[in-house]
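Following: one structure in structure tokens, then a few remarks.
The values are calculated or read from the model by the stated rules, or taken from the named source; none is laboratory data. The structure presented is a predicted model; accordingly, all values stated were derived computationally and were not measured. Please note: Cβ atoms are built from the backbone with ideal geometry, for glycine as well, and neighbour counts cover all protein chains shown. Keep in mind that these areas ignore ligands, DNA and RNA; they rest on the heavy atoms of the full protein, side chains included. Shrake-Rupley method; radii C 1.70, N 1.55, O 1.52, S 1.80 Å.
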Amino acid sequence: GIAIGAGTDVAVESADVVLCHGVLAVVDDPRAALRGVVAVLRPDGLASVLVAQRYAAVIARAVAGHLAEARHALRDPAGRWGTADPLPRRFDEPGVRDLFGAADLRVLQVHGVRVLADLVPGALSDDPTSARDLLELEAMVAGHPAFRAVAGQLHVLGTPARRRRLSD
């Protein structure tokens, strides 16, 4: 993949789809990164953005018995659980929606990813029937707002808010 920004050879309004998966957590300026996505998208293009979700980190640290880290992740503006946290930032849904708005992207859909998969015993994924049942359950809860709030990741689909005039 490529990072859109200075020195990138992607033409303005040339892309039908841009995948921005796992990028916003690690770039220096997530707003600028999304503005770059919008710049290369055609007016009817689609941005697919996947971000680490902050509240899942709180739950994961607490379930692992790291309560001080869970508290830190909850209080930290970037959703980090401490200095050893490998991610510079995590997001919640309102934060991602704000980023989309600031970048002139209209949110089309938001889904939770890995809502339950990280919470169930690993042995369940070894059993084909249990794995299939888990996949079915994940699909059922992915779009539910209450479950999105604790999903491991948020998948947000958006399109540029700008549109061509009919005369173009």
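Compute the angle between helix 93-102 and the longest alpha-carbon principal axis of the chain, please, reported from 0 to 90 degrees and rounded to the nearest 10. Helix 93-102 and the main axis of the chain meet at about 10 degrees. Ignoring the sites themselves, the chain has its longest run without trypsin sites (Lys or Arg not before Pro) in a DSSP loop having at most 11 other Cβ atoms within 10 Å at 1-162.
Shape class of the stretch 74-168 from the alpha-carbon gyration tensor: oblate, with a/c at 1.5 or above and b/c at least as large as a/b.
Secondary-structure-derived ellipticity at 222 nm for the chain, considering helices only, amounts to -10500 deg cm²/dmol, per-run term -39500 (n - 2.57) for DSSP H runs with n ≥ 4.
Under a no-solvent Debye model with one identical scatterer per Cα of the chain, what's log10 I(q)/I(0) at q = 0.11, 0.15, 0.18, 0.21 Å⁻¹? Taking Cα atoms of the chain as identical point scatterers yields -0.52, -0.88, -1.12, -1.31. Here the calculated FRET efficiency for Ser130 and Thr83, from their Cβ-Cβ distance with R0 = 35 Å, stands at 0.40, rounded to the nearest 0.05. Of the solvent-accessible surface of the chain, computed with a 1.4 Å probe over protein heavy atoms with every protein chain present, carbon and sulfur atoms account for 58 percent.
When each pair of different Cα atoms in the stretch 46-93 is counted once in the 1/r mean, what is the Kirkwood radius in angstroms, to one decimal?
Working: mean 1/r = 0.0927 Å⁻¹.
Roughly 10.8 Å, rounded to one decimal.
The amide H of Gln53, built 1.01 Å from its N in the peptide plane, has Phe91, Gln153, Leu154 as neighbours under 5 Å, considering only residues 5 or more places off or on other chains.
What is the dipole size for the stretch 2-115, taken about its Cα centre, with +1 at each Lys and Arg Cβ and -1 at each Asp and Glu Cβ, in debye to the nearest 20? Display every interim value, and only then the final one.
Working: 13 positive and 13 negative charges, 98 e Å.
Charge dipole, the stretch 2-115, about its Cα centre: 480 debye, nearest 20.
How far, in nm, would the chain grow between Asp98 and Arg31 when pulled straight, counting 0.36 nm per residue and subtracting the alpha carbon separation? The partial results should precede the final answer.
Values: separation 67, 0.36 × 67 = 24.12 nm, distance 0.95 nm.
Result: 23.2 nm gained on full extension.
Excluding Ala149 itself, calculate the net charge of residues whose Cβ lies under 9 Å from the Cβ of Ala149, where each Lys or Arg counts +1 and each Asp or Glu counts -1.
Numbers: positive: Arg148; negative: Asp92, Glu93.
Within the 9 Å Cβ shell, the charges total -1.
Compared with the dominant Cα axis of the chain, that is its longest principal axis, helix 54-63 is turned about 10°.
Starting from the coordinates of the alpha-carbon atoms of the stretch 16-87, obtain the Kirkwood hydrodynamic radius over all distinct pairs and give the value in Å to one decimal.
Details: mean 1/r = 0.0733 Å⁻¹.
Result for the stretch 16-87, one decimal place: 13.6 Å.
Comparing Ala103, Ala117, Ala73 in a Gaussian network model of the chain, where Cα atoms under 10 Å apart are tied by springs, the biggest mean-square fluctuation is seen for Ala117.
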